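Encoded as structure tokens, the structure appears first; notes follow it.
The values are calculated or read from the model by the stated rules, or taken from the named source; none is laboratory data. On a predicted model such as this, the values are computed, not experimentally measured, just so you know. All Cβ positions, glycine included, derive from the backbone under ideal geometry; neighbour counts span all protein chains shown. Side chains are part of the model used for accessible areas, which takes the heavy atoms of the whole protein and leaves out ligands, DNA and RNA. Shrake-Rupley method; radii C 1.70, N 1.55, O 1.52, S 1.80 Å.
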Amino acid sequence: MALNVYLSGEIHTDWREQIIEGCKGLDVEFNAPVTDHGASDDCGVAILGAEDQKYWHDHKGAMVNAIRTRKGIQDADVVVVRFGEKYKQWNAAFDAGFAAALGKSLIVVHGPEHQHPLKEVDAAALAVTEDPAKVADILRYVLTGKLP
């Protein structure tokens, strides 16, 4: 068995690299949004042209980024969504809801400070953890049946 895993969420820590490293040797393909914050914010205007109003600047970027995000989530067997401490990730919450609506297996990663605000997102997940290494353990178990 092979898994296609989409890694959504905050871009300010190395959580994606931790999961990818923990899955070495497993038949897993990882995909993710563009994690270069500047490129992600400015892709719409860089490609489609400048905007005078910040709303339209952001709107163009969100639409262009949504092409990659939708494809990644739709193709995924498992969607992992990480909520960080530094910023509110509304886009991550949207990705979790989209994945849940598509019936995707969802794993959510966040600290204890988000337990209450993310209770509905957590309720849609098949696993919730604070530790990205646990995501790798889950994927290893799913693929091999072996416990850590």
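With respect to the numbered conditions (1) among the hydrophobic types (A, V, I, L, M, F, W, C); (2) in a helix (DSSP H, G or I); (3) farther than 23 Å from Asp14 by Cβ, which one is the sole condition not fulfilled by Ala50? Unmet condition: (2). For segment 13-29, a residue qualifies if it is modelled with pLDDT of 95 or more and under 25 Å from His114 (Cα atoms), and the qualifying residues are Asp14, Trp15, Arg16, Glu17, Gln18, Ile19, Ile20, Gly22. Residues that are among the aliphatic types (A, V, I, L, M), touching a strand residue (DSSP E or B) at 6+ places or on another chain (Cβ under 8 Å) and either farther than 17 Å from Tyr6 by Cβ or touching a residue at least 40 places away in the same chain (Cβ under 8 Å) (or both) within segment 107-124 comprise Val109, Leu118, Val121, listed in sequence order.
Of the residues making up segment 101-124, those that are more than 12 Å from the chain's Cα centre (by Cα), among the aliphatic types (A, V, I, L, M) and closer than 18 Å to Ile138 by Cα are Ala123, Ala124. Given the structure, is Arg70 charged (D, E, K, R), modelled with pLDDT of 95 or more and touching a Lys or Arg at 6+ places or on another chain (Cβ under 9 Å)? For Arg70, the condition - charged (D, E, K, R), modelled with pLDDT of 95 or more and touching a Lys or Arg at 6+ places or on another chain (Cβ under 9 Å) - is not met. Quick check, is Glu10 open to solvent by less than 50 Å² (accessible area, probe 1.4 Å), charged (D, E, K, R) and at pLDDT below 95? In short, yes. Among the residues of segment 45-100, the ones that are without any contact (Cβ under 8 Å) to a residue 60 or more places away in the chain, among the charged types (D, E, K, R) and under 15 Å from Leu118 (Cα atoms) come to 2 in all. The set of residues from segment 7-21 being among the charged types (D, E, K, R) and in contact (Cβ under 8 Å) with a residue 12 or more places away in the chain comprises Glu10, Arg16, Glu21. Listed conditions (1) open to solvent by 40 Å² or more (accessible area, probe 1.4 Å); (2) under 26 Å from Leu106 (Cα atoms) are all met by Trp56, apart from (2). A residue that is assigned to a helix (DSSP H, G or I), free of Cβ contacts under 8 Å to residues at least 60 places away in the same chain and buried (at least 17 other Cβ atoms within 10 Å of the Cβ) can be found somewhere in segment 22-41.
Number of residues in segment 82-131 that are within 27 Å of Gly61 (Cα to Cα) and surrounded by fewer than 16 Cβ atoms within 10 Å (Cβ to Cβ) equals 11. With the requirement that a residue be free of Cβ contacts under 8 Å to residues at least 60 places away in the same chain, outside any loop (DSSP other than H, G, I, E, B) and under 21 Å from Glu85 (Cβ atoms), what does segment 125-148 give you? Those that are free of Cβ contacts under 8 Å to residues at least 60 places away in the same chain, outside any loop (DSSP other than H, G, I, E, B) and under 21 Å from Glu85 (Cβ atoms): Ala127, Val128, Thr129, Lys134.
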